[in-house]
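Before any comments, here is the structure.
The values are calculated or read from the model by the stated rules, or taken from the named source; none is laboratory data. In this text, all values refer to a predicted model and were calculated from it rather than measured experimentally. Cβ placement follows ideal geometry from the backbone for every residue including glycine, while neighbour counts extend to all protein chains displayed. Side chains are part of the model used for accessible areas, which takes the heavy atoms of the whole protein and leaves out ligands, DNA and RNA. Shrake-Rupley method; radii C 1.70, N 1.55, O 1.52, S 1.80 Å.
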Amino acid sequence: MNKSNMIIVAEDDNEIASILIAYLHKAGMKTLRAEDGEQAIELTRRHKPDLVLLDNHLPVYDGWYVLTELRKETNVPVIMVTALDQDVDKLMGLRLGADDYVIKPFNPSEVIARVEAVLRRTKGNADATHSKPLRTPFLTIYPDEFYVEITVASENATPTLTTTEFKLLSYLARNPRKVCSREELLDACLPEGDSLDRTVDSHMSKLRKKLEHAGLKGVPESIRGLGYRLGENK
């Protein structure tokens, strides 16, 4: 993994921001700090970072709003760093497109480990030998370009997916007839240490809605009591 990754730290608490920045620098990464939600959006647009560490309680715009806006225009990985520790809050962040979720108070070393894990998933294809596109009758996935093209009724669409959504869709497309359990998908595609089956369901629901909006229905297919498979356009 390239150690010159650029990380935006969106945190209004000076002490917490300083700690995160110090640990990121120690890990060999570059940083930019955003002190409010508006600045987080603008810095992301301007500098195109490799990852955003996003606090939820920010001035001007809160983290939920920032994440929603970022997902309209970028696939940048986002790790929520927040004091909200209920499962419903975590699932909200994941539904909005967060790639991971860290609860305050936290161990800074754990945050760095989470950052490195998400970057490995994001950068893995780009650092490896060029991968061939994954093709099905209705979609083509370009692993190196982080790009999905859907073809329905001779019309093409290119939905914007989060890192995790892209990983899940790619995993299913490699084995289109296989029913993958939630546990298998957690191990292969989601953050280390995240053991909630509902997390998979949340990502799959979001992915299915995006694909439906692009004209592709019934993908991914939920197999009751077993898990998910790619499915077919209905």
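Structure notes:
- Anisotropy class of region 15-125 from Cα gyration tensor, a/c 1.5 cut: rounded
- The residues of the chain expose, per residue, 48 Å² of accessible area to a 1.4 Å probe.
- Ratio of Rg to Rh over region 134-229 (Cα coordinates, Kirkwood Rh, two decimals): 0.94
- Among His25, His203, His57, residue whose mean-square fluctuation peaks in a GNM of the chain (springs only between Cα atoms under 10 Å): His25
- Between Glu221 and Ala153, the distance separating the two model label sites (each 7 Å from Cα on the Cα→Cβ line) works out to 2.2 nm.
- Reducing region 158-178 and region 1-58 to their Cα centroids gives an inter-centroid distance of 28 Å.
- Share of carbon and sulfur in the accessible heavy-atom surface of the chain [1.4 Å probe, %]: 47 percent
- Span per principal axis, largest first, for the Cα atoms of region 1-65 (Å): 32, 25, 15
- Note on the chain: Kirkwood radius taken over Cα pairs, Stokes-Einstein applied at 10 °C and 1.306 mPa s, translational D equal to 87 µm² s⁻¹.
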